[in-house]
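The structure appears below as structure tokens.
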Amino acid sequence: MTTSISSATDVTLLANQMLTSKANTDIESKLGKSASRERIREVAEDFEAVFLTEMMGHMFKGIKPNERFGGGNGENVFNSLLIQEYGKSIAQSGGIGLADNIERQLISLQEGK
């Protein structure tokens with residue numbers, strides 16, 4: 001699925017598509033029928049962290065390692081881990097608002113609306 005993202009609305013629409021797609025129909029099995037509000041928030045932040053990690057992975061793709069500090073395969077592995085932690089940190093500190101929208105969507109799905 002190739003999608004062009006140009007605004008926060010596009011990000012929200014993309015997240016809603018991903019949540020309602022066939023590949024993600026097992027939300028109830030992951031959350032349980034009566035998931036707590038805290039668990040729903042945790043899942044929403046995890047999703048936002050994964051999304052941000054993917055976006056930042058593309059952003060950092062063109063940056064070459066500094067020869068003085070090593071480089072090579074080891075740095076590539078640790079860069080991906082660093083980018084993953086950046087995504088988690090941004091999502092936990094408020095993120096881009098994606099987790100809020102996902103949380104609302106999950107609650108409405110749980111309520112059967």
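The values are calculated or read from the model by the stated rules, or taken from the named source; none is laboratory data. Given the structure is predicted, the values throughout are model-derived calculations rather than measurements. Here Cβ is always computed from backbone atoms with ideal geometry, including for glycine, and neighbour counts include all displayed protein chains.
Within region 72-99, take every residue that is of a type in the set (A, V, I, L, M) and over 19 Å from Arg37 (Cα atoms) and give me the one that is modelled with the lowest pLDDT.
Going through the qualifying residues, I end up with Val77.
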Answer yes if at least one residue in region 18-40 is on the phi < 0 side of the Ramachandran plot, surrounded by 13 or more Cβ atoms within 10 Å (Cβ to Cβ) and at pLDDT 85 or above, and no otherwise.
yes
Quick test for you: out of Ile63, Ile83, Ile96, Ile90, pick the one residue that is in contact (Cβ under 8 Å) with a residue 60 or more places away in the chain and not polar (S, T, N, Q).
Ile96
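Let's see how each residue does on (1) of a type outside the set (Ser, Thr, Tyr); (2) assigned to a loop (DSSP other than H, G, I, E, B); (3) more than 19 Å from Phe47 (Cα to Cα):
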site	(1), (2), (3)
Met59	yes, no, no
Arg68	yes, no, yes
Phe78	yes, no, yes
Gly94	yes, yes, no
Could you pull out the residue among Glu103, Glu75, Glu85 that is surrounded by 16 or more Cβ atoms within 10 Å (Cβ to Cβ) and not β-branched (Val, Ile, Thr)?
Glu103
